[in-house]
Structure formats: C-alpha cells, structure tokens
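**Q** Take a look at the following structure, please.
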Amino acid sequence: MKRQIRETTLELIQGDITKSEVDAIVNAANSELIGGGGVDGAIRRAGGDEIERACAEIRRREGGCPTGQAVITPGGNLHAKYVIHTVGPVWKGGNSGEAELLASCYQKSLRLAVDNDIQSISFPSISTGIYGYPTEKAAVVALTAVKGFMFQDNTVPTTIRFVLFDEVTHTCYLDALRTVFGK
Ligand code: AR6
C-alpha cells in the first residue's frame with residue numbers, strides 16, 4: 001500500500017527490513033545497545049561488526065540510548081548506509097507513558113534522518129515483539145507520530161516505509177492507516 005502525502009510517499013509492506021533498499025533502516029534496540037533478538041538480532045547479523053563497533057562507541061561515550069530516544073550508526077554490510085537505533089517502551093498496561101515514548105521513537109528517528117540528509121527510511125513495528133506492545137495500538141501511535149512529523153514545518157524524507165514482518169502486523173498497520181489518514 002502506497003500513499004502520497006505532501007512530498008512524501010508512505011509505504012506499508014510485509015517483509016524483512018534487513019533487505020530494504022533505503023538510505024536508513026530503523027532498529028528496535030534496547031537501552032544498552034547490546035545485540036538482542038527479534039529485528040535487532042537480524043539487523044546486526046546482516047550488518048556485521050561495523051554496527052557493533054559503533055554501538056560500543058556510543059555506549060562508552062553516552063552510556064547507551066534512553067527509551068524514546070534514537071542514535072545513528074553506519075549500516076555496515078547492509079544496503080542501507082545507516083541504521084537508526086531507537087528504544088521502544090516495554091508494554092506495562094498502557095498507563096506508564098508507553099504511547100508518548102513510542103511516538104517519540106518515530107519522531108526522534110525521523111529527526112535524525114532529516115539531520116543526516118536521509119531521503120528514504122524503513123521502520124519496523126517498534127515494541128510489538130519482545131516488548132509486548134499490542135500491535136493494533138502501536139500501529140495507530142506509529143502512524144500518528146509519522147503524520148505529526150510530516151505536517152510540522154519540517155523537511156521530511158521522500159520515502160517513509162514500514163516493513164512489517166508478518167501478515168497480522170501488516171494488516172494492523174493497514175487498518176491504522178485508514179484510521180489515522182482517512183480512507
Ligand atoms: N524485519 C522486519 N521486522 C522484523 C524482523 C525483520 N527481519 N524481525 C522481527 N521483526 P522485536 P521490540 C518484527 O521483538 O518489541 C530485542 O532483543 C517483529 O515480528 O524485534 O521493540 C532488542 O534488543 C515485531 O513485529 O522488537 C530489545 O531488547 C517487530 O519486528 C527488544 O528486542 C518488533 O519486534 C526490543 O523489542
């Protein structure tokens with residue numbers, strides 16, 4: 001599914017984000033920036049040592065990456081030139097600021113993209129795997145955050161793609177697209 005919104009094409013596809021041919025892919029990382037499972041493990045395996053070295057350097061310099069924030073590293077062996085690592089919230093029932101923190105992940109990632117002259121970016125569904133955020137809810141938060149960024153007076157990447165691993169997640173995001181952007 002593709003939608004043209006102002007200067008940006010917003011795409012929702014099902015697939016493996018490590019194969020994405022974009023300037024930057026976003027990783028659903030942890031605060032320590034230590035390799036984990038899920039999409040993080042897949043990105044680090046595909047990207048190789050350069051990503052690990054850059055994460056270690058950020059750990060030394062800044063102690064990691066707080067929840068809701070984002071940092072950028074090279075993409076190593078990936079097609080993408082960069083990986084933007086953002087740390088989603090762990091789902092604790094919804095009353096612990098999860099939605100604000102998740103929205104912040106998308107906004108900070110897009111801000112880093114713009115600051116690094118990134119024209120195309122792929123996002124996974126942050127927090128909806130190991131961190132347990134309900135996917136229907138997360139999809140609405142994600143697309144609302146992206147919409148908010150697009151309609152601020154910002155420069156915006158020309159392609160924003162969500163690469164969703166499984167059919168259920170893809171369907172949740174298609175439903176959320178209609179909720180957030182209308183039919
Ligand atoms: N391409 C696209 N999406 C993927 C891929 C892939 N190759 N692999 C998994 N997903 P998760 P989280 C989907 O658990 O919930 C790690 O250990 C997956 O199906 O990767 O934010 C980190 O180090 C799900 O829809 O991220 C953290 O400790 C989505 O990506 C923790 O997990 C997110 O699932 C972060 O947990």
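**Q** May I ask which residue of Gly47, Gln14, Leu102 lies farthest towards the positive end of the charge dipole of segment 1-149, with charges of +1 (Lys, Arg) and -1 (Asp, Glu) on Cβ and the Cα centre as origin?
**A** Leu102
**Q** So, in nm, how far is label Asn77 from label Asp49 when the simple model puts each one 7 Å beyond its Cα toward the Cβ?
**A** Roughly 1.1 nm, to one decimal.
**Q** Calculate the length of the line joining the C-alpha centroid of segment 36-51 to that of segment 77-134, in whole Å.
**A** 15
**Q** What ranking do Arg60, Arg53, Arg161 get, fewest neighbouring Cβ atoms within 10 angstrom at the top?
**A** By the 10 Å Cβ count, ascending: Arg60, Arg53, Arg161.
**Q** What does the charge add up to near Glu50, with Lys and Arg as +1, Asp and Glu as -1, over the other residues with Cβ less than 12 Å from its Cβ?
**A** Local charge sum for Glu50: 0.
**Q** So, with +1 on the Cβ of K and R and -1 on the Cβ of D and E, and no other charges, what is the size of the charge dipole of segment 86-168 about its Cα centre, to the nearest 20 debye?
**A** 100
**Q** If neighbour count is taken as other Cβ atoms inside 10 Å, put Val168, Val180 in order from fewest to most.
**A** Val168, Val180
**Q** Using the Karplus curve 6.51 cos²θ - 1.76 cosθ + 1.60 with θ = phi - 60°, work out ³J(HN,Hα) for each residue of segment 63-79 in order, rounded to whole Hz, and write x for Gly and Pro.
**A** Going residue by residue, I get x, x, 9, x, 4, x, 9, 9, 9, 10, 9, x, x, x, 7, 6, 5 Hz, with x marking Gly and Pro.
**Q** Here is a follow-up. What order do you get for Thr128, Thr144 when you list them from fewest to most C-beta neighbours inside 10 Å?
**A** Starting with the residue having the fewest Cβ neighbours, the order is Thr144, Thr128.
**Q** So, one more: To the nearest 0.05, how large is the calculated FRET efficiency for Lys92 and Gln4 if R₀ is 41 Å and r is the Cβ-Cβ distance?
**A** FRET efficiency, Lys92 to Gln4: 0.65.
**Q** Then there is this: Once label points are set 7 Å from the Cα along Cα→Cβ at both Asp175 and Asp115, what is their separation, rounded to one decimal in nm?
**A** Label-label distance for Asp175 and Asp115, simple model: 3.6 nm.
**Q** What distance in nm separates the simple spin-label points at Arg61 and Asp166, each placed 7 Å from Cα in the Cβ direction?
**A** 3.7
**Q** Could you give the size of the charge dipole of the chain about its Cα centre, using +1 on the Cβ of each K and R and -1 on the Cβ of each D and E, expressed in debye and rounded to the nearest 20?
**A** It works out to roughly 240 debye.
**Q** Explain nothing, just the number: relative contact order of segment 33-175, from Cα pairs under 8 Å at least 6 residues apart, as a whole percent.
**A** Result for segment 33-175 is 20 percent.
**Q** Taking the dipole about the Cα centre of segment 3-126, with the C-beta of Lys and Arg at +1 and of Asp and Glu at -1, give me whichever of Ser31, Val71, Ile5 is farthest to the positive side.
**A** Ser31
**Q** How high is the relative contact order of segment 8-110, given as a whole-number percent (alpha carbon pairs under 8 Å, six or more residues apart)?
**A** Rounded, it is 30 percent for segment 8-110.
**Q** In deg cm²/dmol and to the nearest 500, what is the mean residue ellipticity at 222 nm of the chain if only DSSP H runs of at least 4 residues count, each as -39500 (n - 2.57), divided by the residue total?
**A** So the helix-based figure for the chain works out to -13000 deg cm²/dmol.
Only the coordinates and a few stated rules stand behind these numbers; no lab work does. Quantities reported herein were computed from a predicted structural model and do not represent experimental measurements. We place every Cβ from the backbone using ideal geometry, glycine too, and count neighbours over all the protein chains shown.
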